[in-house]
Amino acid sequence: MKLTFCGAAGTTTGSKHLLEVNGQRILLDCGLFQGPRAESIERNSHFPFDPQGIETVVLSHAHIDHSGNLPHLCRLGFKGNIYATPATRDLCSIMLPDAAHIHEHDIAWLNKHRKRDDLPLLETKFTRMDAEACITQFITVGYRRPLPIAKGVSLTFLDAGHVLGSAQVLLDIEEFASGQRRRLLFSGDVGRPGSDLLNDPEPSENVDILIMESTYGGRHHELATDSSDHLCRIVREIQQRRSRLIIPAFAVERTQQLLYTLDKLRHENCIAAVPTFVDSPLAVKATEIFRLHVNELRPSAAQSMFMRDDPFGFDGLRLIRSVDESKGLNKVKAPAIIISASGMAESGRILHHLRQQVSRPENIILFVGYCADHTLGWRLREGHKKVNILGDEFEVKAQIETLDSFSGHADHNELLQYFDRVQGSKKQVFLVHGETTRSQALAEALKERHQTGEVRVAKPLEQVSLLEARPRAGA
Ligand SMILES: [Zn+2]
Ligand SMILES: [Zn+2]
């Protein structure tokens, strides 16, 4: 029984781990590497294995860094099943075509430059058609419903509390040659406990081998309760100033979480009603999918869907699809809240809103998520006084605020709590999905509390044997 870390080792994107057992190859996640455009296209173009030789894919959740290379895998001849929860499948049905659209756009942009420099043109690796076709290979499995997925391998999904439909992947494996049975848990991305909208990550037992994310190893987040107070203060300010609050937000999860919190604050009479606009076609579709899967949300959130109208459709909320309506938002009366993608303000309709609003001192621009270095979002967060937006320079006069506690990822202490709730020998622990320094910070803390098993940071393309596990020397 072997495991190869084919992505998200030493970095946070491109999640892909290959499990080989009983002559079968099972792929855990098939995500896109996300980084600078040309490097990403290069790294996502090749798989370090033969796609046709893969038996089955198990998908932890819909985020593109976990699912985005599935259309490419299918186009190259993968014919097997893709196991996912029902909400993950539904989110993929909108997110994968969107990712394909961005990929086609990126290739066209690079080819324009390559043509000018007389370089050979790049090929599109997958299209929206491939994305839609690959959805037909999905088999959905609810949480806690064990299902045989390959010879000697049974799959159970457990809630990971990270995004709607997100799962930890529990595999009960019997290796026929040795007769050994092992239980492997792949954490997927681990959410924060105490979220308003999602359940806490579920505990598990009898785990022998753990593959665990480490995005925020060594880092600490603000408490989730503080985020509601902070948002409340900001909304009151724009109401008093009769100005605009512009929120660049990821279309899936972050937008719905904001809507849920805004609705809750209104119901608690912390804020008065403010006209609120969600201006992102993907966010509008994702919000509909949230409504379809109410039962997978935290019971209190599901209940509030019945008790307090609809948190994703409250009075004064408008979901904007068309470009004309989006343009019309420039004229909308203040106070108003505009939530638009992308979260890092690198692309999408948010750029048009920032062009209009960034130089007005009465406005507030609020960042609620991670912004990669050198993106427009990062520049604004870093306090740059002049920024370039779609080719023109603008002075930054609006007030810039950040609210990091909306993070979908557990911080250092929450990862330790999660680790403790994974019960069992945990003889082998592999840390993935983290920059190396973050993974190492978590590894140090885990080694201290886990003397009876091996804890190591996975290296890119490293292959490990899962049956030759030995306790660490001296343990
Ligand atoms: Zn994720
Ligand atoms: Zn991830």
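For this structure, a couple of remarks:
- For the peptides 23-35, 454-466, residues were scored by their other Cβ atoms within 10 Å and the scores averaged per peptide; the highest-first order is 23-35, 454-466.
- In plain terms, the chain from Ile400 to Asp118 could stretch by 97.2 nm, reckoned as 0.36 nm per residue minus the Cα-Cα distance.
- Tilt relative to the chain, helix 86-116 - C-alpha long axis, 0 to 90 degrees, to 10: 80
- Percent breakdown of C-alpha pair distances by 10 Å bin, ordered from the shortest bin, for the chain: 4, 20, 30, 26, 15, 5, 1, 0
- Backbone HN-Hα couplings from phi across the stretch 150-155 [Karplus 6.51/-1.76/1.60, Hz, Gly and Pro as x]: 7, 4, x, 10, 10, 10
- The fewest-to-most ranking of Thr56, Thr402, Thr276, Thr255 by surrounding Cβ atoms within 10 Å reads Thr402, Thr56, Thr276, Thr255.
- For the cross-link pairs Lys264/Lys333; Lys16/Lys125; Lys115/Lys285, the ones whose C-alpha atoms lie over 27 Å apart are Lys115/Lys285.
- Overall, the anisotropy analysis places the stretch 59-148 in the prolate class: the square-rooted eigenvalues a ≥ b ≥ c of its C-alpha gyration tensor yield a/c not less than 1.5, with a/b exceeding b/c.
- In order through the stretch 312-319: 3J(HN,Hα) via Karplus (6.51 cos²θ - 1.76 cosθ + 1.60), integer Hz, x for Gly, Pro: 9, x, 5, 4, x, 8, 10, 9
- Long-range HN-HN contacts of Ala9 with modeled amide H, under 5 Å: His433
- Extension gain, Arg233 to Leu461: 0.36 nm times the residue separation minus the Cα-Cα distance gives 77.4 nm.
- Residues Ala372 and Cys270, FRET efficiency given R0 of 45 Å [Cβ-Cβ distance, rounded to 0.05]: 0.90
- Förster radius 25 Å - calculated FRET efficiency between Leu147 and Phe176, Cβ distance, rounded to 0.05: 0.85
- Annotation: the residues Phe277, Phe157, Phe394, sorted from fewest to most other C-beta atoms within 10 Å of their own C-beta, follow the order Phe394, Phe277, Phe157.
- Angle between the chain longest axis and helix 224-241 axis [Cα atoms, degrees, rounded to 10]: 20
- With R₀ set to 22 Å, the beta-carbon distance separating Glu448 from His220 gives a calculated FRET efficiency near 0.80.
- CD proxy at 222 nm, helix term only [per DSSP H run n ≥ 4: -39500 (n - 2.57); per residue of the chain; nearest 500]: -10000 deg cm²/dmol
- Across the chain, C-alpha contacts under 8 Å between residues 6 or more apart give a mean separation that, scaled by the residue count, equals a relative contact order of 18 percent.
- Remark: spin-label model distance Glu325-Arg355 equals 2.1 nm, labels positioned 7 Å along the Cα→Cβ axis.
- Classified by the C-alpha gyration tensor, the stretch 224-406 has a prolate form. Its axis ratio a/c, with a ≥ b ≥ c, is 1.5 or above, and a/b is larger than b/c.
- In this simple spin-label approximation, His384 and His46 carry label points 7 Å from Cα along the Cα→Cβ vector, and these lie 3.4 nm apart.
- Order of Met1, Met305 - criterion: other Cβ atoms within 10 Å of each residue's Cβ, fewest first: Met305, Met1
- Folded to 0 to 90 degrees: helix 281-292 orientation relative to the chain principal axis, Cα: 60
No lab work stands behind these numbers, since they all come straight from the coordinates. Computed from a predicted model, the values in this text were never measured in an experiment. Here the Cβ is made from the backbone with ideal geometry for all residues, glycine too, and neighbour counts use every protein chain on show.
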